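The structure under discussion appears below in the form of structure tokens.
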Amino acid sequence: MHRSRRWRLPLLVALVLAVALVTATASHGAGTAVEQVVLAPAEGEASELFGEDVSISGDTALVGAPHDPFVSTTSPGAAYVYVRTGGTWTEQQKLVPPDGDAEDYFGYSVSLDGDTALVGSPDHATDNGKTGAAYVFVRCDGVWSLQQMITPADAADGDALGQAVSLSGESALIGAPGRVEGGLEAGAAYVYVRSGSNWTEQQKLLEESPAEGDMVGSHVAIHGDTAIVSAPTRAKGALTWAGVAYVFTRDGATWTLQQALQPADVAKMDTFGEGVAICGDTALIGAPSPSGTNPGAAYVFVRSGGTWSQESKLTASDGMNGDRFGHSVGLVDGVALVGAPMHTTTAATKAGAAYLFTSSAGTWTQSQRLTASDGAQDDRFGAAVDMSGDTLLVGAYGRDTATAEDVGAAYVFGPMQWQVTLSLDPTAVLPTPTATVTASGTVTTTEDVTLPEEAAVTIEKRRQGSEEWSNCGTATLDAEGRYSTSIVLEDPTPATVWEFRAKMPADPELAVAEGYSEVATLTVLPMRQWQVTLSLDPTAVLPTPTATVTASGTVTTTEDVTLPEEAAVTIEKRRQGSEEWSNCGTATLDAEGRYSTSIVLEDPTPATVWEFRAKMPADPELAVAEGYSEVATLTVLPMRQWQVTLSL
């Protein structure tokens, strides 16, 4: 019989996934995090729930958009990959299951590690019923492809496999909170490992004393040989839904339970374990208390010699009952990020917030509260969080657009950075031996920061389609942050597009991160040329002391180009057999591109052939290269004489 999905209800009623995988080693530092960009699907649909789960690894972000299964839809869900180049985020690919069905909830959970992505689809149907599944995608040369769909051999209807997923290197941890073991619907989690391109089950992780409705595997995190599997609805005595988080460790290929974690002040309805994250010997576990009797909390545990102990309890400085602080958590060396998706801000009710904490010698303090710049009612900002280095990613699956509700969004935060602009003049050049372009722009910050003396931007270029940038010069900033410099392209190839960007380096003393301009393009035009004709009249002359010839013709182009005023062609001549041309006059063009001029030959040598051509010079402003007419010939006739007879 198909079992209840009570854990699959919306956030207001029950639990929503909050998994944070942390593999980065850099800390966020003490600088202020500022909103840098809002990620959203290009064609957002109502109830797409974009941002229900998020994951970030270096310059790549993964955002789940599972689509609400309680709203009529034909979509199985999706996961979107974004990449950062310089300071600009762009969508790289939309991941979808090849065998997806409507309401699969694909994208409900996501995890990213380098070039591998893991996406959960907890309602996916297999031959054994709605078992759920997890999909592994890998990236090669910027393209993502499915490597494997994971379903355990013992998968059963109602397992909800893929409700939680986490990646660490060649290991994947996948939660199945609806799993029945020993006749009890207590839940489980599966560890898979990759060898080559094949993923195989290593071990199924279970409670030592399972109980009905524990929901083991609702939330999972793995880092190296340590895994956390939570059971947020497990009771402790009379404390229903108190929650617990199990730490498992791996020795060789065997996983064993190291410790069951619970806070010292665990209470009824805490749902401890609703958000879990791990980094080395530190674990961060949320207890958002969905009953609304308190604001929620997150607990820091540290390991020493194989034993875990509670180090700190994190709470929001402005927390209110029902905030669900701890619903999502992220952790990177000494920095914690905690989501409170039901927090009411000054802007709107239940817009949501996320809180940043830093640690010093074991003492954790709140350093910042993050909210969306465009926060609105019921956005659920903070429903999912993750961190990588100095970059924070926060999901807000309830964000509306002007035309649709619950489309969702994901917000990228990072340290204050330079705001750089770049423009090129011109934006198109001819393929002459050298092409000079002026690059200019400005550098500012999001806050009032005085630019350092002799600060300079670096200009970088690459051929469109290439991944590597090369340095092509620097430009010093003036007191107002303006710059201008000339860039020379040597022997530019026709029909090539060059991309340029300006980079302002980080300044640790000012606590400003490096910034990049948007990419500006320069097109090297395909060869466009003046079309020139020339005719001579006459084409043969006698060797008189002077011989006059009329040269006439037309000048046009292959495209509709207006001739410049007072444009003129040059007439050149040479003796047939010679290599050198000499100038013998110019002719101004009329508005229709016609010309006519007289050429005088002084003392032409008999029996000589002269070659003439007309040349129209290049015009860079019109992007037209110089053009030549075909050669026309003029023959100087050999001396002929009248033969006269006389008779008397």
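The values are calculated or read from the model by the stated rules, or taken from the named source; none is laboratory data. Everything quoted here is computed from the prediction, not taken from an experiment. Quick reminder, even Gly has a Cβ in these numbers, built from the backbone with ideal geometry, and neighbours come from all protein chains shown. SASA here: full protein model, heavy atoms, side chains in, ligands and nucleic acids out. Shrake-Rupley method; radii C 1.70, N 1.55, O 1.52, S 1.80 Å.
Things to note:
- For Y483, the accessible area of its heavy atoms, probed at 1.4 Å with every protein chain present, is near 10 square angstrom.
- Positive-pole candidate from L392, G414, S360, dipole of segment 359-419, charges at beta carbon: S360
- C-alpha center-to-center spacing [segment 82-147, segment 592-639] in angstrom: 68
- In this label model, T544 and V600 are separated by 1.3 nm, measuring between points 7 Å along each Cα→Cβ vector.
- DSSP bridge pairs, segment 170-329: antiparallel proportion in percent, nearest 5: 95
- Placing unit charges on the Cβ atoms only, positive for Lys and Arg and negative for Asp and Glu, gives segment 225-354 a dipole magnitude near 340 debye about its Cα centre.
- About the centre of its Cα atoms, segment 414-540 shows a dipole size close to 620 debye [charges on the beta carbon of Lys, Arg (+1) and Asp, Glu (-1) only; nearest 20 debye].
- Derived scalar couplings between HN and Hα for segment 245-257 equal 10, 9, 9, 10, 10, 10, 10, x, 10, 10, 9, 9, 5 Hz in order, rounded to whole Hz, by the Karplus curve 6.51 cos²θ - 1.76 cosθ + 1.60 (θ = phi - 60°), x for Gly and Pro.
- Carbon/sulfur fraction of accessible area - segment 173-232, other protein chains in place, 1.4 Å, %: 45
- Candidate residues V37, V443: accessible-area rank, largest first, probe 1.4 Å: V37, V443
- Heavy-atom surface of the chain, accessible at 1.4 Å and reported per residue (Å²): 42
- Segment 380-530 shape via C-alpha gyration tensor axes, a/c threshold 1.5: oblate
- For segment 46-128, the spread of Cα positions along each principal axis, largest first, Å: 43, 28, 17
- Three-way shape label, segment 537-648, alpha-carbon gyration tensor, a/c 1.5: prolate
- For L205, the residues 5 or more places off, or on other chains, whose built amide H falls under 5 Å of its own are A189, Y190, V191.
- Simple point charges give the picture: +1 on the Cβ of Lys and Arg, -1 on the Cβ of Asp and Glu, and for the chain a dipole about the Cα centre of about 720 debye.
- Karplus 3J(HN,Hα) series, Hz, for segment 206-215 with 6.51 cos²θ - 1.76 cosθ + 1.60 (x for Gly, Pro): 10, 5, 6, 10, x, 9, 4, x, 5, 6
- Long-range HN-HN contacts of C584 with modeled amide H, under 5 Å: I571, E572, K573
- Taking 0.36 nm per residue of sequence separation and removing the Cα-Cα distance, the V449/T533 pair yields an extension gain of 24.0 nm.
- Across segment 86-100, coupling constants 3J(HN,Hα) worked out from phi with the 6.51/-1.76/1.60 Karplus curve, θ = phi - 60°, read x, x, 10, 9, 9, 5, 8, 6, 9, 8, 9, x, x, 10, x Hz, and Gly and Pro carry x.
- Shown for the chain: lysine pairs separated by 8 or more places, or found on different chains, whose C-alpha atoms are under 22 Å apart, numbering 6.
- Think of the chain as a dipole: +1 on every Lys or Arg Cβ, -1 on every Asp or Glu Cβ, centred on the Cα centre; then among T444, V512, A372, A372 lies furthest on the positive end.
- Dipole of the chain computed with +1 at Lys/Arg Cβ and -1 at Asp/Glu Cβ about the Cα centre; of V457, V38, P606, farthest Cα towards the positive end is V38.
- Distant-in-sequence amide contacts of A384, defined by a placed amide H-H separation under 5 Å and a gap of 5 or more residues or a different chain, comprise G395.
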